[in-house]
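Laboratory data are not the source of any read-out in this text; all were calculated from the coordinates shown. Predicted, not measured: the structure shown is a model, and the values here were computed from it. So basically every Cβ, Gly included, is an ideal-geometry build from the backbone, and we count neighbours across all protein chains shown.
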Amino acid sequence: MSYIDKIIAQIEKKDAGQPEFIQASKEVLESLRIIVDKDSIYEKAGLLERLIEPERLIVFRVPWVDDAGNVHVNRAYRVQYNSAIGPYKGGIRFHPSVNQSIIKFLGFEQTLKNALTGLPMGGGKGGCDFDPKGKTENEVMRFCQSFMTELYRHIGPDTDVPAGDIGVGAREVGFMYGQYKRIVNNFTGVFTGKGLTWGGSLGRTEATGYGLVYIVNEYLKGKDDGFKGKKVVISGSGNVAIFAAQKAISLGATVISMSDSNGFIFHKDGINLDSIKEVKLVKRERLTKYAELHKDAVYTEASKGRVWDIACDIALPCATQNELFIDDAKSLVKNGCKIVGEGANMPTTMDATDHLLQNNVAFFPGKAANAGGVSTSGLEMSQNSTRISWSFDEVDSKLKTIMAGIFNSIDSAAKEYGKPGNFVLGANLAGFKKVAKAMMDQGVI
Ligand code: NDP
Ligand code: 2IT
């Protein structure tokens, strides 16, 4: 049995019951055969056993009291996955689906993603099965304070630096950061995605969506093409989706569809982004509200249709894991879609990814395509350390450079290993090589 097969068998046995973690780690391990099966140094160093096992997984309870005086207890996690190249770095997710499998898959992906950025950041991720939907502002604040009352002892500006993810935006980061500062009596860059008046970086809010469009654009530029005139379908209508739409539109594309967990809108002549922002970011309402405001937009409930059935040139899944399945991939190919860029983490299942690759769709995996967010978090950390704030244009131009760098490294790795255009392989290999080298240099720890 090869080393990789041994590790896959070990994960399937030890981590049975963690489907998302098995899915994410298997995809990476399959890509590594090309390097690891040829060189016994990795097996001798137990490198893969160490890479797939988190350095630390913290599980804790979060008790809080709702406005009516009822006590609730949620389960929270922080996985400190890998610190070979820098302090643990990665977001925090609040969603009822959060469990150990999801946090571990996200932490594992983050480790390789952060390596691709070229910045000194290790991999981490956190979250809780708390659902912010329908909670009052005071309930969210009390929850965040209770969450941080435990988490604070595990994080620090040079140890572990959290940020936002699903269900965690500027509001939640504010409440968590406030409580951290109150406990430790220290104003440090322990969080990224902070507010602009208290250490946040200009451009961080936009960074993940913008970065996604920048990396796809880098690819298009190589073909003397661009976003102009392209029809774009985006899933999700949160932070990543909205700013991907904003950048795509500014480059001349028409975004014809967006979604939330209840359904999707199809707006043939292009969605009205101001209206989406008002509905989703300001009023925190459902997309049905958008359809009420725009009579020419068609709303379809999630149970009655798929956003991926809409014909488009470019599809950008920006909602959550496992939201683009094999039938969706077939539909995209059939309708002429040429590019899929993952704004979300692991939105595409493995068989769907294979189908897209086999049909010459340019496929940008999340660990490369959505790395603009954490890259700009890295830039926020640098600004905090030096106590300097850069202008929006400075940050944005650094983000463009980083995304072009990521494109070049995944493109070159794919070519180097004989699979030009396979950016899944390219991203996994380029990320792995960097982390593996750092781990080898630092001995068996
Ligand atoms: P938000 O909470 O801002 O938005 C999430 C969006 O996805 C909402 O429209 C939400 O709909 C939808 N969604 C969430 N869960 C589900 C689900 N189970 N089924 C269907 N739709 C769902 O999160 P972000 O935009 O920050 O994150 C989106 C994705 O991007 C995630 O995969 C995240 O890990 C990834 N990502 C985020 C980064 C960031 O900087 N924020 C950086 C890199 C990756 P609804 O409102 O109905 O729940
Ligand atoms: O998945 C991700 O890369 C994020 N949620 C952002 C992480 C970060 O630390 O900015």
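List of remarks:
- Those helices (runs of 4 or more DSSP H) lying entirely in region 1-68 with at least 2 residues within 23 Å of the chain's Cα centre (by Cα) and within 19 Å of Met440 (Cβ to Cβ): 19-36, 47-52
Residue by residue, here is whether (1) of a type outside the set (A, V, I, L, M); (2) away from ligand 2 (no atom under 16 Å from the Cβ) holds:
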{"position": "Cys312", "(1), (2)": "yes, yes"}
{"position": "Cys318", "(1), (2)": "yes, no"}
{"position": "Leu324", "(1), (2)": "no, yes"}
{"position": "Cys337", "(1), (2)": "yes, yes"}
{"position": "Val340", "(1), (2)": "no, yes"}
{"position": "Ala344", "(1), (2)": "no, no"}
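- Meets criteria (surrounded by 17 or more Cβ atoms within 10 Å (Cβ to Cβ) and within 23 Å of Asp274 (Cα to Cα)) for Ala297: yes
- Selection count, region 85-127, where residues are in a loop (DSSP other than H, G, I, E, B) and more than 8 Å from ligand 2 (Cβ to nearest atom): 11
- Of the criteria (1) more than 22 Å from the chain's Cα centre (by Cα); (2) within 15 Å of ligand 2 (Cβ to nearest atom); (3) of a type in the set (Gly, Ala, Ser), which one Ser375 fails: (1)
- Gly193, sole failed condition from (1) within 16 Å of ligand 2 (Cβ to nearest atom); (2) in contact with a strand residue (DSSP E or B) (Cβ under 7 Å, 6 or more places away or on another chain); (3) more than 16 Å from Gly90 (Cβ to Cβ): (3)
- Take the conditions (1) surrounded by fewer than 20 Cβ atoms within 10 Å (Cβ to Cβ); (2) touching a Ser or Thr at 6+ places or on another chain (Cβ under 7 Å); Leu287 misses just one of them, which is (1).
- Enumeration of residues in region 353-410 that are touching a strand residue (DSSP E or B) at 6+ places or on another chain (Cβ under 7 Å), within 16 Å of Ala315 (Cα to Cα) and either free of Cβ contacts under 8 Å to residues at least 60 places away in the same chain or polar (S, T, N, Q) (or both): Thr353, Leu356, Val361
- Residue match in region 338-359 (condition: surrounded by fewer than 17 Cβ atoms within 10 Å (Cβ to Cβ) and closer than 26 Å to Phe266 by Cα): yes
- Total residues in region 415-431, condition assigned to a helix (DSSP H, G or I) and either surrounded by fewer than 21 Cβ atoms within 10 Å (Cβ to Cβ) or charged (D, E, K, R) (or both): 2
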